[in-house]
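Taking it in order: structure first as structure tokens, then the write-up.
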Amino acid sequence: MPVENQMVIGDNTNYQFNAFVAVPTLDEPICECDCCKESVYEGSGVLYQGDVFCGSSCLGDFLIKTGAAEEI
């Protein structure tokens with residue numbers, strides 16, 4: 001009697017092999033980052049004085065470039 005791998009024959013309901021795969025978002029981007037031009041989605045960006053950034057690292061880069069912050 002052959003041993004059947006349930007993941008190969010399609011009955012993979014008990015396996016979570018895709019548990020850590022990034023699920024693409026269905027939301028549309030609201031704008032793009034003023035620093036790196038990445039798409040910014042609602043709830044994931046940073047707004048600073050009218051400029052939109054994808055995260056704190058791009059905001060930090062912007063502040064250093066404009067002289068508003070100093071790198072130590």
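The values are calculated or read from the model by the stated rules, or taken from the named source; none is laboratory data. Just so you know, these numbers come straight off a predicted model, no measurement behind them. Just the protein is used for accessible areas: all its heavy atoms, side chains included, with ligands, DNA and RNA removed. Shrake-Rupley method; radii C 1.70, N 1.55, O 1.52, S 1.80 Å.
Please enumerate the residues belonging to the stretch 39-70 that are assigned to a helix (DSSP H, G or I) and acidic (D, E).
Here is the first cut: in the stretch 39-70, the ones assigned to a helix (DSSP H, G or I) are 56-66.
Listed by number, the list holds a single entry, D61.
E42: under 14 Å from the mean Cα position of the chain (by Cα), open to solvent by 60 Å² or more (accessible area, probe 1.4 Å) and of a type in the set (D, E, K, R), yes or no? Considered against the rule, which asks whether it is under 14 Å from the mean Cα position of the chain (by Cα), open to solvent by 60 Å² or more (accessible area, probe 1.4 Å) and of a type in the set (D, E, K, R), E42 comes out as yes.
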